[in-house]
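A.B. asks: One structure, pasted below without further comment.
Coordinate-derived values only; no laboratory data. These numbers were taken from a predicted model, which means no experiment stands behind them. Positions of Cβ are backbone-derived with ideal geometry, glycine not excepted, and every protein chain shown enters the neighbour counts.
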Amino acid sequence: MIRIENLYKRFGRNEVLKGIDLQIESPGIYAVLGPNGSGKTTLIKSILGMVIPDKGEIFFKGNDISKSPDYRNDIDYLPQIANFPANLTVKEIFSMIKDLRGGQASDQELMAAFGLSPFMDKRLNTLSGGTKQKVNIVLSLMFNSKLIILDEPTTGLDPVALIRLKELLLQEKAAGKTILITTHIMQFVEEMADEIVFLLEGKIHFRGSVNGLKERTHTSNFEKAIAQTLTHHYA
Ligand code: ADP
């Protein structure tokens, strides 16, 4: 589904991605991990065509994404910071995004899963951070795309919403979707991720399962395995 070859990106003197090769073929949940500033969002935005790489290629379903932006309609995306017009109501934002995207959107079940019905006529700027995040999650899952990219979906979610999110992601995975996630919650990764893509110093430092990383670092505790992987980074 995604093939990334020799991807480089720098911002001024800051070389963020230094030769990323990544291929994701099978459906499943992939966690993109790495310390702050390691380039997770830059990598995700490169896949979405929102960041233009300095060098390298990205293929989506075998096609070079730099040739045409149409592939974006096949990707659902939850940005880390969503900037929707704050004076719109939840209902208005749903209908606006549906109009913009076109195609079939199935939002009713998702809205129910996150208990959003009472908020439909409320303006976005009056919602709590967690409720806004629920709205963003529904917006990013309702178009039934094959590839779902979620940048920090767990931010601000209460325990019930977190459980709902996990259930929904497992449903999506069972339906054959490919899901790319960044999150700071390692318990979420341990529970949910089929594979980890660990970015460090501009490169993919580790690609494999949670258990694979534990084995490599000789620890049965996932947080410690991550910390151990980072030790030399902070040294
Ligand atoms: P992560 O998501 O892993 O925290 P980012 O991809 O957001 O990392 O950022 C990687 C590095 O690139 C950071 O040092 C960040 O400051 C820098 N960066 C990201 N986007 C820009 C930009 N548009 N202009 C300048 N620097 C940027």
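A.B. asks: Just to confirm the number: angle between the C-alpha axis of helix 90-101 and the first principal axis of the chain, 0 to 90 degrees, nearest 10?
C.D. replies: Compared with the principal axis, the helix lies near 60 degrees.
A.B. asks: While we're looking at this one, here's another question. Where Lys and Arg each count +1 and Asp and Glu each count -1, what net charge lies around residue 182 among other residues with Cβ under 14 Å from its Cβ?
C.D. replies: Numbers: positive: 40, 45; negative: 151, 152, 195.
Residues near residue 182 contribute -1 overall.
A.B. asks: For residue 173, go through the lysines and keep the ones whose alpha-carbon is under 21 Å away, minus same-chain ones fewer than eight residues off.
C.D. replies: Within the straight-line cut-off, residue 173 pairs with 61, 134, 146.
A.B. asks: Can you give the net charge of the other residues whose Cβ lies under 13 Å from the Cβ of residue 144, counting K and R as +1 and D and E as -1?
C.D. replies: -1
A.B. asks: If I take R0 = 30 Å and measure r between the Cβ atoms of residue 112 and residue 3 in this structure, what FRET efficiency does the formula 1/(1 + (r/R0)^6) give, to the nearest 0.05? Spell out each step's value before the answer.
C.D. replies: Details: r = 37 Å, r/R0 = 1.23.
Rounded to the nearest 0.05, the efficiency is 0.20.
A.B. asks: Could you order peptides 16-24, 48-56 by the average number of other Cβ atoms within 10 Å of their residues, highest first? All intermediate terms of the calculation are to be shown ahead of the outcome.
C.D. replies: Working: 16-24: 17.8, 48-56: 15.6.
The most tightly packed comes first, giving 16-24, 48-56.
A.B. asks: Can you check what the net charge comes to around residue 32, using other residues whose Cβ is under 12 Å from the Cβ of residue 32 (Lys, Arg +1; Asp, Glu -1)?
C.D. replies: On the way: positive: 40, 45, 207; negative: 151, 152, 195.
In short, 0.
A.B. asks: Ignoring everything except DSSP H segments at least 4 long, calculate the 222 nm mean residue ellipticity for the chain; use -39,500 (n - 2.57) per segment, divide by total residues, nearest 500. Walk me through the intermediate numbers first.
C.D. replies: Values: 8 runs with 83 residues, N = 235.
Helix contribution divided over all residues of the chain: -10500 deg cm²/dmol.
A.B. asks: I'd like the distance between the alpha-carbon centres of segment 11-74 and segment 158-221, rounded to an integer number of Å.
C.D. replies: 18 Å
A.B. asks: I've got another one for you. Sorted from largest to smallest, which semi-axis lengths in Å does the alpha carbon gyration tensor of the chain give for its equivalent ellipsoid, taking the root of 5 times each eigenvalue? Provide the component values of the computation, followed by the final result.
C.D. replies: Numbers: eigenvalues 175, 94, 56 Å².
Equivalent ellipsoid of the chain: 30, 22, 17 Å, largest first.
A.B. asks: Would you list which aspartates and glutamates come within 16 Å of residue 55, measuring only between C-alpha atoms, while excluding same-chain residues fewer than 8 positions from it?
C.D. replies: By straight Cα distance, residue 55 reaches 5, 15, 21, 64.
A.B. asks: Still on this model: Helix 159-174 versus the longest principal axis of the chain: what angle, 0 to 90°, nearest 10, using Cα atoms?
C.D. replies: Between the helix axis and the principal axis of the chain, the angle is about 70 degrees.
A.B. asks: Among 27-37, 76-86, what's the highest-first ranking by average C-beta atoms within 10 angstrom per residue?
C.D. replies: Details: 27-37: 19.1, 76-86: 15.1.
Going from most to least packed, we get 27-37, 76-86.
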